[in-house]
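Report on the structure given below.
Please treat every number below as a calculation from the coordinates, not as lab data. Quick caveat, the model's predicted, so the values are computed rather than measured. Virtual Cβ from ideal backbone geometry, glycine too; neighbours counted across all protein chains shown.
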Amino acid sequence: MSHLDNIPSTPGKFKMDKSPYIHRLRWHSSLTKLTFWSLVILGSILIFFFRSPSSSPLPSDHSRRSLSTYDWGGPSWEKRVRSSARVRSRNGISVLVTGAAGFVGTHVSVALKRRGDGVLGLDNFNNYYDQSLKRARQALLERTGVFVVEGDINDSALLKKLFEVVPFTHVMHLAAQAGVRYAMENPSSYVHSNIAGLVNLLEVCKSANPQPSIVWASSSSVYGLNTKVPFSEKDRTDQPASLYAATKKAGEEIAHTYNHIYGLSLTGLRFFTVYGPWGRPDMAYFFFTRDILKGKSIPIFEGADHGTVARDFTYIDDIVKGCLAALDTAEKSTGSGGKKKGPAQLRVFNLGNTSPVPVSDLVSILEKLLKVKAKRNIMKLPRNGDVQFTHANISLAQRELGYKPTTDLQTGLKKFVRWYLNYYSQGKKAAG
Ligand SMILES: NC(=O)c1ccc[n+]([C@@H]2O[C@H](COP(=O)([O-])OP(=O)(O)OC[C@H]3O[C@@H](n4cnc5c(N)ncnc54)[C@H](O)[C@@H]3O)[C@@H](O)[C@H]2O)c1
């Protein structure tokens, strides 16, 4: 019999007893029991909510509710978080890497971990491209000792918890909705991750004690319709050609605001077409490789008057060196408790290769490496966000970060193709 069975459902059902005194006594003791068990039940409910893994005490809005599907929290989870973020070298830093299961995030996380820094990953494993590739990168990170927390940068409760468990010195913010053309299909995903997510992250960082220094990925796409080459950080960036570019440009302005008001140290990196092993399947060098091997034709765009479309392809290892140098030279944020104490560092750097290559040359290199002739389908560059060329001036990064790219496209693609053939020979299917 459960104790709940002792409690009458209505006082009227309470059986009258012989003496009024005994009656009063029983009534009193039942009331005490009722109060006691009500408190026990109430207590259990409260304990359940406070200890629940997603620790979202009664979601207050729809976005929070949809974000709380991720499973996080609890003592063993915290232990993994702490252990992954533990610094193992003298003068090491502890870094929260957002977008860690992504292409750049994986490489940066491994490089940081290998030199003894504490690294904790965060990624929502969205399905923008083949999720099994993200899971394979996660497995690689696990082997290196990096734990990737599954969650969204819009989840403030999760971010606050992470900063409560680990006083991160740095944030390497790479989580974003990438890709230029997809913005016409799913514009809100860009607003969600690149604007709302960035603001949410900065809100948590500004209130963290100590405030971390933040290095984050902007993009060469902010140069948009700028025609002055090579692109310099001083050039205009007010003519984005895609919503993706517009959200990255907005990110740079948002960074300015948080630096100005709260004293957050912020460094934006404008990456130029990054490629390499574990790359992104939505990028041309990746799906060209897949389609050439399948015997499918590949679209090669040309600009107005048969103009060449060219990209400043930058090899992943060079980008990683630039990211680490940006983290190492980042000054501390100056605020505390959400209040600015003095001026803080605010920087933007181009990270490119400074040698644009026509896309048709990229295809010729791939043909040689794959030993397969490509079926080229020459088409006019559609007006869907792509620009005709990109070319980085990297003198600022060279001066301030010691950034010096060393890998040419031929060498880098050879490494990519070797990885691709090896990865997809292991029974994995190249999606698309
Ligand atoms: N690869 C390039 O050529 C290039 C060029 C310019 C800029 N960038 C920028 O560099 C960064 C890294 O790019 P990448 O090529 O590694 O892309 P990626 O798509 O491989 O990596 C981004 C990762 O972030 C995750 N993510 C997205 N939204 C999230 C959210 N709301 N919460 C948590 N995780 C989320 C994704 O699941 C993904 O794993 C991005 O900010 C991108 O815009 C990349």
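How many nm separate the modelled label positions at Met379 and Arg86, each set 7 Å beyond the Cα in the direction of the Cβ?
5.3 nm
For the stretch 159-217, which trypsin sites (Lys or Arg not before Pro) are in a loop by DSSP, counting at most 12 other Cβ atoms within 10 Å? Could the numbers behind the result be given before it?
Numbers: sites: Lys160, Lys161, Arg181, Lys206; in loops: none.
When the trypsin sites (Lys or Arg not before Pro) of the stretch 159-217 are filtered for loop state and at most 12 Cβ neighbours within 10 Å, nothing remains.
List the residues, sorted by chain then number, that are 5 or more residues from Arg270 or on another chain and whose placed amide H is less than 5 Å from its amide H.
It is Ser218, Phe349, Asn350, Leu351, by chain and number.
Restricting to the stretch 299-430, what percent of DSSP beta bridges are antiparallel, rounded to 5? Intermediate results must be reported in sequence, preceding the final value.
On the way: 3 of 8 bridges.
Around 40 percent of the beta bridges assigned by DSSP in the stretch 299-430 are antiparallel ones.
Rounded to the nearest 20 debye, what is the charge dipole size of the stretch 248-344 about its Cα centre when +1 sits on each Lys and Arg Cβ and -1 on each Asp and Glu Cβ?
Values: 13 positive and 11 negative charges, 91 e Å.
Computed about the Cα centre, the dipole is about 440 debye.
Dipole magnitude of the stretch 345-432 about its Cα centre, charges +1 at Lys/Arg Cβ and -1 at Asp/Glu Cβ only, in debye to the nearest 20? Spell out each step's value before the answer.
Details: 15 positive and 5 negative charges, 85 e Å.
Roughly 400 debye, rounded to the nearest 20.
Looking at the square roots a ≥ b ≥ c of the eigenvalues of the Cα gyration tensor of the stretch 379-428, which shape do they give, rounded for a/c under 1.5, prolate if a/b is larger than b/c, or oblate? Could you put the intermediate results ahead of the total?
Details: a/c = 3.01, a/b = 1.24, b/c = 2.44.
In terms of gyration-tensor shape, oblate.
What net charge is computed for the residues neighbouring Phe313, neighbours being all others with C-beta under 14 Å from the C-beta of Phe313, Lys and Arg scored +1, Asp and Glu -1? The partial results should precede the final answer.
Details: positive: Arg280, Arg311, Lys414, Lys415; negative: Asp312, Asp317, Asp318, Asp361, Asp408.
Local charge sum for Phe313: -1.
Once label points are set 7 Å from the Cα along Cα→Cβ at both Asp282 and Asn422, what is their separation, rounded to one decimal in nm?
2.7 nm
Counting only other residues whose beta carbon sits under 12 Å from that of Gly145, what net charge do I get with K and R as +1, D and E as -1? Each step should come with its number before you reach the end.
Numbers: positive: Arg80, Arg86, Arg88, Lys113, Arg114, Arg143; negative: Asp117, Glu142.
Within the 12 Å Cβ shell, the charges total +4.
Report, by chain and number, residues whose modeled amide H sits under 5 Å from the one on Phe231, excluding near sequence neighbours (fewer than 5 apart, same chain).
Amide H neighbours of Phe231, under 5 Å, 5+ apart: His391, Ala392, Asn393.
Pop out the ³J(HN,Hα) list for the stretch 96-112 in order, Karplus 6.51 cos²θ - 1.76 cosθ + 1.60 with θ = phi - 60°, rounded to Hz; leave Gly and Pro as x.
8, 9, 8, x, 5, 8, x, 4, 5, x, 5, 5, 5, 4, 4, 4, 5
Please list 344-352, 230-238 highest first by mean number of surrounding beta-carbon atoms within 10 Å per residue. Kindly include the intermediate steps, with their values, before the conclusion.
Details: 344-352: 23.0, 230-238: 15.7.
Ranked from most to least packed, the peptides come out as 344-352, 230-238.
Which of the three applies to the stretch 365-404, rounded, prolate or oblate, going by the alpha-carbon gyration tensor with a ≥ b ≥ c and a/c under 1.5 meaning rounded? Don't jump to the answer; show the numbers that get you there.
On the way: a/c = 5.59, a/b = 1.60, b/c = 3.49.
Taking the square roots of the gyration eigenvalues as a ≥ b ≥ c, the stretch 365-404 is oblate.
Note down the magnitude of the dipole of the stretch 69-223 about its Cα centre, charges +1 on Lys and Arg C-beta and -1 on Asp and Glu C-beta and zero elsewhere, to the nearest 20 debye. Before the final figure, lay out each step's value.
On the way: 17 positive and 12 negative charges, 152 e Å.
Dipole of the stretch 69-223, to the nearest 20 debye: 720 debye.
Whose amide H sits under 5 Å from the amide H of Gly118, counting only residues 5 or more places off or on another chain, with H placed in the peptide plane?
Val87, Arg88, Ile93, Ser94, Val95
Given the pairs Lys296/Lys373; Lys134/Lys429; Lys249/Lys339; Lys371/Lys428, which span a C-alpha to C-alpha distance of over 19 angstrom in this model?
Violating the 19 Å Cα-Cα cut-off are Lys249/Lys339; Lys371/Lys428.
Whole-Hz Karplus ³J(HN,Hα) for the stretch 129-146, in order, using 6.51 cos²θ - 1.76 cosθ + 1.60 and θ = phi - 60°, x for Gly and Pro?
Ordered by residue, 3J(HN,Hα) equals 9, 2, 5, 5, 5, 5, 5, 5, 5, 4, 4, 4, 5, 4, 5, 8, x, 9 Hz.
Have a look at the stretch 107-194 and give its Rg and Dmax from the Cα atoms, expressed in angstrom.
Reported Rg and Dmax, both Å: 14.1, 42.
Quick one: what are the phi-derived ³J(HN,Hα) couplings along the stretch 209-217, Karplus 6.51/-1.76/1.60 with θ = phi - 60°, whole Hz, x for glycine and proline?
Computed from phi, the couplings for the stretch 209-217 are 10, x, 5, x, 8, 10, 10, 9, 8 Hz.
Kindly state, to the nearest 0.05, the FRET efficiency for Thr69 paired with Ser232, given R0 = 60 Å and r defined as their beta-carbon distance. Can you show the working numbers first?
Values: r = 44 Å, r/R0 = 0.73.
Calculated value: 0.85.
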